[in-house]
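J.: Before we start, here is the structure in question, set down as structure tokens.
The values are calculated or read from the model by the stated rules, or taken from the named source; none is laboratory data. Please read all numbers here as calculations on a predicted model, not as lab measurements. Here Cβ is always computed from backbone atoms with ideal geometry, including for glycine, and neighbour counts include all displayed protein chains. Side chains are part of the model used for accessible areas, which takes the heavy atoms of the whole protein and leaves out ligands, DNA and RNA. Shrake-Rupley method; radii C 1.70, N 1.55, O 1.52, S 1.80 Å.
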Amino acid sequence: MAIAVSPVVLVAAFCLALTGVNLSFMVVAALLPTLIEVWSLSDIEAGWLGGIFFAGYVATVPVLSALADRIDPKRIYLASALIGTAASFGFAGLADGFWSALFWRFFAGVGLAGTYMPGLKAMSDNVPEAMRSRASGYYASVFAIGSALSFIVGGEAAAGWGWRWAFVVAGFGFVLAFLSILVVLPRQAPDAGTAPSPFDLRPVFANRNVMAYVLANIGGLFESVGLRTWLVPYLVFLQKRPGEEPAFLAPTTIAAGIAFIGVAGAVALSELGERFGIRAVLIGSALVSFAVAIATGAAVGLDYWLVVALLVACAVLNYGRTGPVTTGALLNADPRLQGTTMGVFAFIGFAGALVGPVAFGTALEAAGGREDPGAWIWGFAAVAMGAALTAAAVAGIARGRG
């Protein structure tokens, strides 16, 4: 079932669907202090619980994205949305400890794998060529809206009905995505006879510009997801400092606001990339992001709202790179291999999202644990390495070719 819609409405529907999918994205991060207490998790276990979602994504996105070059992406999208629905409801009803939580979050990541990049390809295939660059930039940028809402969902649902209800709401986000794409996306039959093998990745790895953006994506997601996973625990720690005045906003609300501002950063950097070139914008924003991340960790003893302001700057600079990095990879891809290319882009890049939260938690625990103010400095320093990787990778692209 699908109805004829204009390209603008199609793009808006995909952005709405992505917002729904991402209600599951950071719900664990919003509830991490609660889950640490309920299940007696170590910092390393907490990092794995924050990152396992991306293991499910990484394990399946190359296959699902590559298949979008060969079969109707709508079928892939709808099936994956159902998997995400089941995984979210399963977590809500059946997770009772570290290992069962890992299981359900892994399959929630599978749900994202079959909706995010196949959705980008399906959207790109169904809008005029003149719209594709800006549409892909906005699609990547809106990723943070659902992420921001997932903080609110986690905080408010947990406060009102208990933490399990946050995952129920996240499951309905996948239902929203399923219904949106079912209605607006027409079925299409890719010409499998002219497409190279979806599992032959050599042409993608041979494309040096694409691989530069792949490495830049690793760095950006390592930094942004690592920071976001530990954002609420960091704010909770700051509010517990001796003599600290109670904040009038809950940590999850502040985290949601920071994530929303990150959307503005992604849109702004995408527009700056259109004007000044993706390469220059990414290098400049990554270098500033590295410095701000270090400063944010070092500010652990300073005024609470000053630290919040620094966290806002971090979000603008690290999540803001998502739009131009995605656009750069898509524009440099072989048109016959867009699905396969974006599968590689997501597979390798989201490995950074898996490792970032673990790296932050490992550095935190090695430096004395989350109750030690100095340990947070090392946590932020760990994820700042992602910005350095982005700058180094994009610097390798010839000027003017980005």
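J.: If I fit a long axis through the Cα atoms of helix 322-332 and take the longest principal axis of the Cα atoms of the chain, what angle between them do I get, 0 to 90°, rounded to 10?
T.: 20
J.: Same structure, new question: Give me, ordered by chain and number, the residues 5 or more places off Val5 or on other chains with an amide H under 5 Å from its own placed amide H.
T.: Excluding prolines and chain starts, which carry no amide H, there are no hits.
J.: Determine ³J(HN,Hα), in whole Hz, for all residues of the range 339-347 in sequence, where each value follows from phi through the Karplus function 6.51 cos²θ - 1.76 cosθ + 1.60 and θ = phi - 60°; x replaces Gly and Pro.
T.: Result, rounded to whole Hz: x, 5, 4, 6, x, 4, 4, 6, 4.
J.: What's the carbon and sulfur percent of the chain's accessible surface, probe 1.4 angstrom, rounded to a whole number?
T.: Details: 10130 of 14730 Å².
On the chain, the fraction of accessible area on carbon and sulfur atoms equals 69 percent.
J.: Just the Cα atoms of the range 245-372: what Rg and Dmax do they give in Å?
T.: Taking only Cα atoms of the range 245-372, I get Rg and Dmax of 17.1, 58 Å.
J.: When you take every Cα atom in the range 1-151, what is the radius of gyration, and what is Dmax, the widest Cα pair distance, in Å?
T.: 16.5, 53
J.: Sticking with this one: Treating the beta-carbon of each Lys and Arg as +1 and of each Asp and Glu as -1, no other charges, what is the dipole magnitude of the range 82-193 about its Cα centre, to the nearest 20 debye? Please report the intermediate quantities before stating the final value.
T.: Details: 6 positive and 5 negative charges, 10 e Å.
Roughly 40 debye for the range 82-193.
J.: Based on the Kirkwood radius over alpha-carbon pairs, what is the Stokes-Einstein translational diffusion coefficient of the range 348-402 at 20 °C with 1.002 mPa s viscosity, in µm²/s? Walk me through the numbers on the way to the answer.
T.: Working: Rh = 12.5 Å.
Approximately 171 µm²/s, per Stokes-Einstein.
J.: Which residue, Trp230, Trp378, Trp161, has the most motion in a Gaussian network model of the chain that connects Cα atoms within less than 10 Å?
T.: Trp161
J.: Along the range 298-310, what does the Karplus equation 6.51 cos²θ - 1.76 cosθ + 1.60 (θ = phi - 60°) give for ³J(HN,Hα), rounded to whole Hz, x for Gly and Pro?
T.: Each residue's phi maps through the Karplus curve to give 5, 8, 4, x, 8, 4, 4, 6, 5, 5, 4, 4, 5 Hz.
J.: Moving on. Please work out the average accessible area per residue across the chain, using the 1.4 Å probe convention, and give it in Å². Kindly include the intermediate steps, with their values, before the conclusion.
T.: Numbers: 14730 Å² over 402 residues.
Per residue, the chain has an accessible area of 37 Å².
J.: Now for a separate question. With just the Cα atoms defining each centre, how far is the range 313-379 from the range 241-266? Give it in Å.
T.: 21
J.: Same structure again: Under a Cβ-only charge scheme (Lys and Arg +1, Asp and Glu -1), can you give me the dipole magnitude of the range 211-315 about the Cα centre, in debye to the nearest 20?
T.: Using Cβ point charges on Lys, Arg, Asp and Glu, the range 211-315 gives about 160 debye.
J.: Take the Cα pairs of the chain, get the Kirkwood Rh, then feed it into Stokes-Einstein at 20 °C and 1.002 mPa s and tell me D in µm²/s.
T.: 103
J.: So, one more: From the phi angles alone, apply the Karplus equation (6.51, -1.76, 1.60; θ = phi - 60°) to the range 216-222 and give each ³J(HN,Hα) in whole Hz, x where the residue is Gly or Pro.
T.: 3J(HN,Hα) across the range 216-222, in whole Hz: 4, 5, 4, x, x, 6, 4.
J.: Another question about this same structure. What share of all Cα pairs of the range 208-264, in percent, falls into each consecutive 10 Å distance bin?
T.: Calculated P(r), rounded to whole percents: 20, 37, 25, 12, 5, 1.
J.: Let a ≥ b ≥ c be the square roots of the eigenvalues of the Cα gyration tensor of the range 312-364; is it rounded (a/c under 1.5), or, if not, prolate (a/b larger than b/c) or oblate?
T.: Values: a/c = 5.53, a/b = 1.68, b/c = 3.29.
Because a/c hits 1.5 or more and a/b fails to exceed b/c, the range 312-364 counts as oblate.
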